[in-house]
Amino acid sequence: LMLLSIGQLLAQGNTCATATTISPAASCSYTSGTTVGATYQSNPANGGTPSCASPGAPDVWYSFTTTIAGNYTIDTQTGTITDGGMSLYSGACGFLTEIVCDDDSSPNGLMPMITASLAAGTTYYIRFWQYNSGTGTFGICITRPPTPPANDNCGGAINVPVSSSG
C-alpha cells in the first residue's frame, strides 16, 4: 500500500504526459488549479525551459483541443499565487514547441493571459507556474472564438429573393 502526502493529492498534471484536460468555453469560467505538490519540469519531454516569467518554480500542465480555428484566450486569476507565468505549446509531449510565453498580461493583477490564433482540431498544452518560485492556488479558463454562422461560406449562402417593386 502506497501512502500519498497531501501535496501529492493536490498536485495535478505535473508533466505534459499527465496534463489535466480543460474544455474551451464561449465565456470564461475559471477552473481551480494548484501547483502544491508539483515539481519543476525542465527536461525536453516537458518543453525544456519556458522563455519568460522567471521559470524554475513547480509547474502544472493542462491540455485542450480546439474545435474551430481562431483566437483562443487562456486567462488566469489569483489565488494564493498572485504573480504567475504561463506558456502555450503545440506538438506532442516530448516534441513540444513553445508558441508563446506570458508573464503579466491578464487584467487580474500580475497573472498571465495568452491570446493566440490556433488551428482547428489540434491539441495544445499549457504550462503554469508561480513567478520567482513557490507554490499555491490559482484559477484558469480557456475562451474559444464564436462559432461561425452556417452561411459563412459560399456553399452555405442563403438565397434571398429579389423583388422588382421599388
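From Cα pairs below 8 angstrom and at least 6 apart in sequence, can you work out the relative contact order of segment 38-111, rounded to a whole percent?
On the way: 105 pairs, mean separation 26.1, N = 74.
After rounding, I find 35 percent.
From the helices alone, meaning DSSP H stretches of at least four residues, give me the mean residue ellipticity at 222 nm for the chain, per-run term -39500 (n - 2.57), in deg cm²/dmol to the nearest 500. Write out the running numbers ahead of the final one.
Values: 1 runs with 5 residues, N = 166.
Here the helix-only value at 222 nm equals -500 deg cm²/dmol.
Let me know the charge dipole size of the chain about its Cα centre in debye, to the nearest 20, where only the beta-carbon of Lys, Arg (+1) and Asp, Glu (-1) is charged.
Around 300 debye, computed over the chain.
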Using θ = phi - 60° and Karplus 6.51 cos²θ - 1.76 cosθ + 1.60, couplings along segment 23-36 (whole Hz; Gly, Pro as x): 9, x, 10, 5, 9, 6, 10, 5, 9, 5, x, 8, 10, 4
Largest-first principal axis extents of the Cα set of the chain (Å): 79, 34, 32
Residue 150 versus residue 133: modelled label distance in nm, points set 7 Å from Cα along the beta carbon direction: 5.9
Label point distance in nm, residue 43-residue 97, each placed 7 Å from Cα along Cα→Cβ: 2.4
Difference of contour (0.36 nm per residue) and Cα-Cα distance, residue 67 to residue 20: 15.1 nm
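Using a 1.4 angstrom probe, figure out how much accessible area segment 27-164 has per residue, in square angstrom, rounded to the nearest whole. Write down the numbers at each step before the final one.
Details: 6560 Å² over 138 residues.
Heavy-atom SASA per residue in segment 27-164 reads 48 Å².
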Solvent-accessible area, 1.4 Å probe, carbon plus sulfur percent, for the chain: 55
Cysteines without a disulfide-compatible neighbour (Cβ-Cβ under 4.7 Å), the chain: 154
Given charges at Cβ of Lys, Arg, Asp, Glu: the chain dipole, positive-most of 134, 47, 25: 25
Gained length - residue 164 relative to residue 123, 0.36 nm times residue gap less alpha-carbon distance: 9.6 nm
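When only C-alpha pairs under 8 Å and at least 6 residues apart count, what is the relative contact order of segment 44-166, in percent? Display every interim value, and only then the final one.
Values: 277 pairs, mean separation 43.8, N = 123.
Averaging sequence separation for qualifying contacts and normalising by length gives 36 percent for segment 44-166.
The values are calculated or read from the model by the stated rules, or taken from the named source; none is laboratory data. Please read all numbers here as calculations on a predicted model, not as lab measurements. Positions of Cβ are backbone-derived with ideal geometry, glycine not excepted, and every protein chain shown enters the neighbour counts. These area figures cover heavy atoms from the full protein model, side chains too; ligands, DNA and RNA do not enter into them. Shrake-Rupley method; radii C 1.70, N 1.55, O 1.52, S 1.80 Å.
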